[in-house]
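The values are calculated or read from the model by the stated rules, or taken from the named source; none is laboratory data. Because the structure is a prediction, the values reported are computed rather than measured. Cβ atoms come from the backbone with ideal geometry, glycine included; neighbour counts cover every protein chain shown. For accessibility, only protein heavy atoms count, side chains too; no ligands or nucleic acids. Shrake-Rupley method; radii C 1.70, N 1.55, O 1.52, S 1.80 Å.
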Amino acid sequence: GETNNVIAHYLNAYVNSTSSKVWNADDAPGDATARLLGIRLVNNRGEGISNSYLEDEVLLEITYECLVNNEKLNLSIDIMTAEDEYLFSSPSVSDNQWCGKQHPLAVYKSICKLPANFFNVATYKVHVLLVRNLSEVITHVEYIVVMEKIDSGLHRKGYFGKWSGITRPLLEWSTSRV
């Protein structure tokens with residue numbers, strides 16, 4: 001009971017509760033070939049957010065710059081709980097246009113869709129990796145943005161207790177008489 005509340009309060013205070021981070025060119029994480037310029041959580045209207053309802057999709061925008069012509073780059077994210085439980089990792093392998101492909105000198109914005117009806121009520125921390133040649137980490141920024149998922153009550157159907165688990169996917173169910 002109370003011990004868990006104290007621990008949760010401590011952990012939430014420890015978490016850097018920002019929903020966006022922008023670097024200037026001088027202190028951007030990376031190296032002479034590529035660097036991260038910004039990371040932010042947005043809704044489907046492109047508005048910056050720090051929290052969202054369970055039934056809302058969240059977009060993670062990552063802006064980076066290729067500083068060496070034809071460098072093969074990709075991104076990856078790790079999603080962690082406030083207690084540092086590893087939820088999942090997702091490299092940008094579904095981006096058929098740019099993942100691991102040669103990048104001309106330019107600034108790029110990648111968007112990772114974090115699905116609706118997947119997360120549970122909790123605080124989630126995001127790590128971002130900028131990668132060369134699909135395996136060489138250029139930079140790994142930890143706890144860079146934080147997302148709070150909130151229960152609107154939409155799918156509760158009269159149940160008011162806590163749903164266990166790190167995730168809370170809304171799976172498709174059907175019932176028929178046999």
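Observations on the structure shown:
- Cα-based Rg and Dmax for region 30-178, where Dmax is the largest Cα-Cα distance (Å): 17.8, 66
- Stretching the chain fully between S20 and N70 yields a gain of 15.2 nm (0.36 nm per residue, less the alpha carbon separation).
- Alpha-carbon gyration tensor eigenvalues x 5, square-rooted, for region 82-170, Å: 33, 15, 11
- Additional length obtainable on full extension of the chain from D95 to N43, 0.36 nm per residue less Cα span: 16.7 nm
- Sorted peptide list for 24-32, 113-121, criterion being average Cβ within 10 angstrom, highest first: 113-121, 24-32
- Cβ-based net charge around K125, under 13 Å, with every Lys or Arg adding one and every Asp or Glu removing one: -4
- With DNA, RNA and ligands ignored, accessible area of K72 (1.4 Å probe; Å², nearest 10): 90 Å²
- Carbon + sulfur, % of accessible area of the chain - ligands and nucleic acids excluded, 1.4 Å: 51 percent
- The helix-only estimate of mean residue ellipticity at 222 nm for the chain, built from DSSP H runs of length n ≥ 4 each weighted as -39500 (n - 2.57), is -2500 deg cm²/dmol after division by the residue total.
- The accessible area of R156, taken with all protein chains in place and a 1.4 Å probe, comes to roughly 40 Å².
- Within the chain: Cβ-based charge dipole about Cα centre, in debye rounded to nearest 20 (Lys, Arg +1; Asp, Glu -1): 560 debye
- Potential extension, W163-T81 segment - 0.36 nm per residue separation minus Cα distance: 28.0 nm
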